[in-house]
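Here is the structure we will look at.
The values are calculated or read from the model by the stated rules, or taken from the named source; none is laboratory data. Quantities reported herein were computed from a predicted structural model and do not represent experimental measurements. For the accessible areas, the whole protein counts, side chains as well, though only heavy atoms, and no ligand, DNA or RNA atoms are used. Shrake-Rupley method; radii C 1.70, N 1.55, O 1.52, S 1.80 Å.
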Amino acid sequence: MSWNMDGLVTCGFVEGEISYLQERYKKPIVIIDDYDTDDLDNCINVRLEDKKAAYEMTKYVIGCGHRKIAFLADNNINLDHQRFLGYCQAMEEAGLSGSEDHFLKIRSGNRGEQDNLEELYEKSFAYTAVICASDYYASMLLNALQDKGRKIPDELSITGFDDVEYASLVRPALTTVRQDIQEKGRVAVDMLVKMLEGRPEEAETLVVLPTRMIIRDSVKKINYE
């Protein structure tokens, strides 16, 4: 506000922070990847089809023969919650258990990380596949488990979300959901400029961008008995 900005694009804000910001900043805001701000005035939301993408990925893993499938993220709010809901929907439609009992929480940062990875290693034996909310955590899990001797994907299949560069560099290469991050930023700025130029009728209140599933090597097709 002290910089007298004409508009603002936010990314990575968590639940409630946008409302707090808007009370103090009265100019147009474009919000990337948030799900609790649909009713705010003078705001535009740009996001992915997060729930649908996670639903389709989970259906793919089920179609590969997996029945014991977990979901992994560092929280269960906002876009990760939407991805968890997609996982739950696919599991329920297949007559499988997809409740919070199968939500594996991974810690970000260094505090307690090693203990957390040890815990995830122990829990991994209850599943044949893990749906991860991001490529970052999928890669972290993949590396940690392989360091401890788990064979990926022969013993445990792992999927990611985002299709960042290293998703294709880790081994095995990650099966994941591709999003166009540059397009998300471009659309956000385009919507903000339309509001600033007095063309709000041309700015969509909600923009949902498509995703695409990328099949690589981290999911094994199995015969489930």
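Could you give the angle, 0 to 90 degrees to the nearest 10, between helix 50-63's Cα long axis and the longest principal axis of the Cα atoms of the chain? The angle comes out at about 20 degrees.
Here the 3J(HN,Hα) profile of the range 158-175, calculated from phi with Karplus coefficients 6.51, -1.76 and 1.60 at θ = phi - 60°, is 9, 10, x, 7, 2, 6, 6, 4, 6, 4, 8, 9, 5, 10, x, 4, 7, 6 Hz, Gly and Pro shown as x. Rounded to the nearest 10 degrees, the inclination of helix 113-123 to the longest alpha-carbon principal axis of the chain is 50 degrees. Once all protein chains are placed together, Glu183 keeps about 60 Å² accessible to a 1.4 angstrom probe.
For the chain, the 222 nm mean residue ellipticity estimated from helices alone, with every DSSP H stretch of n ≥ 4 adding -39500 (n - 2.57) and the total spread over all residues, rounds to -11000 deg cm²/dmol. Mean silhouette area of the chain, derived from the convex hull of its C-alpha atoms and averaged over all directions, reads 13.7 nm². Annotation: extensible slack from Leu206 through Tyr166 equals 11.4 nm (criterion: 0.36 nm per residue apart, minus Cα-Cα distance). For the set Thr205, Thr128, solvent exposure ranked by accessible area (probe 1.4 Å, protein chains only) runs largest to smallest as Thr205, Thr128.
To the nearest 10, the accessible area of Ser168 is 50 Å² with a 1.4 Å probe.
Per residue, the solvent-accessible area of the chain (1.4 Å probe, heavy atoms of protein chains only, all protein chains present) comes to 52 Å². Counting only residues at least eight positions apart within a chain, or on another chain, the lysines with an alpha carbon under 25 Å from that of Lys221 are Lys51, Lys52, Lys59, Lys68, Lys123, Lys148, Lys151.
The share of accessible area on the chain that comes from carbon and sulfur is 48 percent, using a 1.4 angstrom probe.
For the range 106-225, DSSP calls about 40 percent of its internal beta bridges antiparallel.
In the context of the full protein assembly, Lys194 retains an accessible surface of approximately 40 Å², using a probe radius of 1.4 Å and ignoring ligands and nucleic acids.
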